[in-house]
Amino acid sequence: MSIRDVYIVDAVRTPIGKFGGALSSVRPDDLAAHVVRALVDRAPELDPARIDDVVFGDANGAGEDNRDVARMAVLLAGLPVTVPGVTVNRLCGSGLEAVIQAARAVAFGDASIAIAGGVESMSRAPWVLQKPERAFPAGHQQLYSTTLGWRMTNPRMPAEWTIQLGESAELIAEKHGITRERQDAFALASHQKAADAWGKGLYDSEIVAYEGVELERDECIRDATSMEALAKLKPSFRKDGTVTAGNSSPLNDGAAALLLVDEEGLRATGREPLARVRASAVTGIEPHLFGLGPVEAVQRALAKADRSFADLTTFELNEAFAAQSLGCLAEWPELDPSLVNPRGGAIAIGHPLGASGARLAGSVAHQLAAAGSGTGVAALCIGVGQGIALVLER
């Protein structure tokens, strides 16, 4: 069996909303349907009935995104009922996992045309109540938030693995000697680059605003922030810590989607591709050091693509925390840091869990198209100790 080339024809995303912000009134299945519909509308030569599958990442799935949000997006977007949909969960890497799985299906001939993406509404993530072991318990029952992090943790899990995500960032800061000042400087640069990219119209080609919602730009970007403002924020996880709300990614809502095709699918769309999929990798690491998960994943993906850091044109690294991102960069000494997140990162743009990987892959594809040629990487750390990476070329 020959392996087919896989092309990314287009990539779209919503502006990213802040927790309780402009997109908080929108159901996650509607957000997913919106980017799917927008992607199809942008390929008028494509018969939607030819789409072989829709793969979506979704990290929580405990609320309105239950019951296979990918299939719900297909139906709500008005695609033919013959188009299937599957939802995947690799936590923060879910959106990129969806892209990788769709690309694999196209490469092996299981699909010719596929949509991949991700969605998350952290604003609308519900509280959940465990079913009691016996009927009519007399005592109080506990509600668990499904917005972020550990809940209903298995008591057999080692305690050091189930610490707060921010505490993990503190451990990485200690491991690599990353100061509060460096973290704040990294966060400030994220906001500055994002604001600059929006001001220059660099996101215009991929943004599809949600109709009826007043949100034209990523909602968490702080144009006016400064080192002085960031320095005033108190540590969030340790009394004497370095990790703050200012140098961490926020809680967010949003969706992203990409159109992936083989040569036959490319002809059916009548479009020039943005980029081609070269290689991917997923790896595991100690759960309490999850933020360093991308280190090995990126190295493996580059090796599969027969590329090195010296070959890169751009690199999108999800900024879960400044400490986590700087920790990864410390372990990639051959990577030029100026290539990383040139249009801003998740600290400014936001991190809607299941959507972020698709956002990063789409951003790399658009950047490569704008450059005309090159190699790019999208990578994320993943809670509970994993890393994921995708290599694209043009």
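Scanning the range 112-167 for residues that are in a loop (DSSP other than H, G, I, E, B), of a type in the set (A, V, I, L, M) and more than 30 Å from Leu39 (Cβ to Cβ) returns Ala135, Ala138, Met152, Met157, Ile163.
Does the range 234-285 hold any residues that are open to solvent by 20 Å² or more (accessible area, probe 1.4 Å) and of a type in the set (Gly, Ala, Ser), and which are they? Listed by number, the residues that qualify are Ser236, Ala245, Ser249, Gly270, Ser280, Gly284. Taking the listed residues Gly350, Gly327, the one that is small (Gly, Ala, Ser), touching a residue at least 60 places away in the same chain (Cβ under 8 Å) and more than 30 Å from Val36 (Cα to Cα) is Gly327, with no other qualifying. Taken together, the criteria place Asp196 among residues that are open to solvent by 20 Å² or more (accessible area, probe 1.4 Å), more than 17 Å from Leu326 (Cα to Cα) and touching a Leu at 6+ places or on another chain (Cβ under 9 Å). Restricting attention to the range 138-184, the residues that are open to solvent by 60 Å² or more (accessible area, probe 1.4 Å), farther than 18 Å from Ile285 by Cβ and among the acidic types (Asp, Glu) total 1.
With respect to Gly17, determine if the residue is buried (at least 18 other Cβ atoms within 10 Å of the Cβ) and out of contact with any His (no Cβ under 8 Å at 6 or more places or on another chain). Yes; evaluated as a whole, the condition is true for this residue.
Across the range 355-378, the qualifying residues are those that are of a type in the set (Ser, Thr, Tyr) and in contact with a helix residue (DSSP H, G or I) (Cβ under 7 Å, 6 or more places away or on another chain), and the one among them that is nearest to Arg278 (Cα to Cα) is Thr375.
For Ile100, the conditions (1) more than 17 Å from Ile388 (Cβ to Cβ); (2) in contact (Cβ under 8 Å) with a residue 60 or more places away in the chain; (3) assigned to a helix (DSSP H, G or I) are fulfilled apart from (1).
For the range 207-217, the condition holds for at least one residue, the condition being that it is at pLDDT 95 or above, open to solvent by less than 60 Å² (accessible area, probe 1.4 Å), β-branched (Val, Ile, Thr) and not in a loop (DSSP other than H, G, I, E, B).
Going through the range 65-83 one residue at a time, which ones are open to solvent by 50 Å² or more (accessible area, probe 1.4 Å) and either part of a loop (DSSP other than H, G, I, E, B) or among the aromatic types (Phe, Trp, Tyr) (or both)? Asn66, Arg67, Asp68, Gly78, Val81, Thr82 - these are the residues of the range 65-83 that are open to solvent by 50 Å² or more (accessible area, probe 1.4 Å) and either part of a loop (DSSP other than H, G, I, E, B) or among the aromatic types (Phe, Trp, Tyr) (or both). Would you mention how many residues in the range 219-255 are within 22 Å of Gly149 (Cα to Cα) and not in a loop (DSSP other than H, G, I, E, B)? Qualifying residue count, the range 219-255: 7. Residue by residue through the range 44-98, note down the ones that are of a type in the set (Ser, Thr, Tyr) and within 17 Å of the chain's Cα centre (by Cα). Once the filter is applied, which keeps residues that are of a type in the set (Ser, Thr, Tyr) and within 17 Å of the chain's Cα centre (by Cα), the range 44-98 yields Thr87, Ser94.
Would the range 46-63 turn up any residue that is touching a residue at least 24 places away in the same chain (Cβ under 8 Å), under 12 Å from Ala114 (Cβ atoms) and open to solvent by 70 Å² or more (accessible area, probe 1.4 Å)? Checked the range 46-63: at least one residue is touching a residue at least 24 places away in the same chain (Cβ under 8 Å), under 12 Å from Ala114 (Cβ atoms) and open to solvent by 70 Å² or more (accessible area, probe 1.4 Å). Note on the range 286-357: enclosed helices (runs of 4 or more DSSP H) holding 2 or more residues that are open to solvent by less than 10 Å² (accessible area, probe 1.4 Å), closer than 30 Å to Asp30 by Cβ and at pLDDT 95 or above are 346-349.
Annotation note: Cβ proximity below 8 Å between a residue of the range 146-165 that is under 18 Å from Leu289 (Cβ atoms) and a residue that is open to solvent by less than 80 Å² (accessible area, probe 1.4 Å) and among the small types (Gly, Ala, Ser) (sequence gap 6+ or interchain) occurs for Gly149/Gly383; Trp161/Gly385; Gln164/Gly149; Leu165/Gly149; Leu165/Ala320; Leu165/Gly383.
The values are calculated or read from the model by the stated rules, or taken from the named source; none is laboratory data. Here the structure is a predicted model, which is why all the values come from computation and not from measurement. Glycine gets a Cβ as well: all are built from the backbone with ideal geometry, and neighbour counts include every protein chain shown. Just so you know, the surface numbers come from the protein's heavy atoms only, side chains and all, with ligands and any DNA or RNA stripped out. Shrake-Rupley method; radii C 1.70, N 1.55, O 1.52, S 1.80 Å.
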